[in-house]
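Undergrad: Below you will find the structure I want to go over with you.
The values are calculated or read from the model by the stated rules, or taken from the named source; none is laboratory data. Quantities reported herein were computed from a predicted structural model and do not represent experimental measurements. In this analysis, Cβ positions are derived from the backbone assuming ideal geometry, glycine residues included, and neighbour counts consider all displayed protein chains. Protein only, heavy atoms only, side chains kept; ligands, DNA and RNA dropped before computing areas. Shrake-Rupley method; radii C 1.70, N 1.55, O 1.52, S 1.80 Å.
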Amino acid sequence: MKNSLSKFLILCSTVFTLSACQSEPDYKAIRQQVLDQHDQVMIDGERAMSNKMKLDTLGTSGLAVLKKQQPDLDTAAERTQINALSRKLTDADDQMNDWMHNFKTDMDGKSNEESVKYFKGEKVKIQKLDSTYNAVLKESGAYLQKFNIRPDTGVKGMNHMKM
C-alpha cells in the first residue's frame, strides 16, 4: 500500500510539473485572432461610412423633399438627430483609426509572455470597437429605415485593408 501511494504521489507530481511547464499560447496565434477581428470590424467601418453618407444626404437635401411629402415633419428635430448619429458614426471611425495607428504587429525585443499580454489587450480593444460599430450601425440603420432609406448591410467588392 505504501509503495502504491508513493507511485501515485510521484505520478501526480510528474503530471503537475509537466502541466506547469507548458508554455503560454504563442503570441502569433493571438495576434492572428486580433487581425482577423480587425478585418471584420473594417467591414463594419465601411458600412458605417456608407450610412453616414446617406444621413448626410438626408440632412442636406432629403429633409426638404420629405417636408413637402410630410408637412408636419419637424425638420429641425430630424436634423439634430441626423447630426447626432453622424457624429457617432464619425467617432466610431475615429476610434478605429486611432486603434490602427497605435497597433503594433512587430514584437521585436519582447518576450512571448509580454507579446501575449499585449495582443490580449489589443483583442479586448478591437472587440470593444466591434461592439461600438454594431451599436451605431443598428441605431443609424433604424433611423434610415424610418424614412424608407435602406441602410448598408454589407459592402460587396470592397478593398480590405490588411495590416
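Undergrad: Under a plain spin-label model, where a point goes 7 Å from the Cα along Cα-to-Cβ, how far apart in nm are T57 and A29?
TA: Output for this residue pair reads 4.6 nm.
Undergrad: Mind running the shape call on segment 88-136? Use the C-alpha gyration tensor, a ≥ b ≥ c as the square roots of the eigenvalues: rounded below 1.5 for a/c, prolate if a/b tops b/c, oblate otherwise.
TA: Oblate, since a/c reaches 1.5 and b/c is not below a/b.
Undergrad: How much net charge surrounds G141 when only the other residues with a Cβ under 13 Å from the Cβ of G141 are counted, with Lys and Arg +1 and Asp and Glu -1? Mind dumping the intermediate values first?
TA: On the way: positive: R47, K52, K54, K88, K138, K146, R150; negative: D44, E139, D152.
Net charge around G141: +4.
Undergrad: Roll a 1.4 angstrom probe over the protein heavy atoms and tell me the percent of accessible area of segment 27-163 that is carbon or sulfur.
TA: 49 percent
Undergrad: Are any of the pairs K54/K123; K67/K146; K52/K146; K28/K128 more than 26 Å apart by Cα-Cα distance, and if so, which?
TA: From the list (K54/K123; K67/K146; K52/K146; K28/K128), the Cα-Cα distance tops 26 Å for K54/K123.
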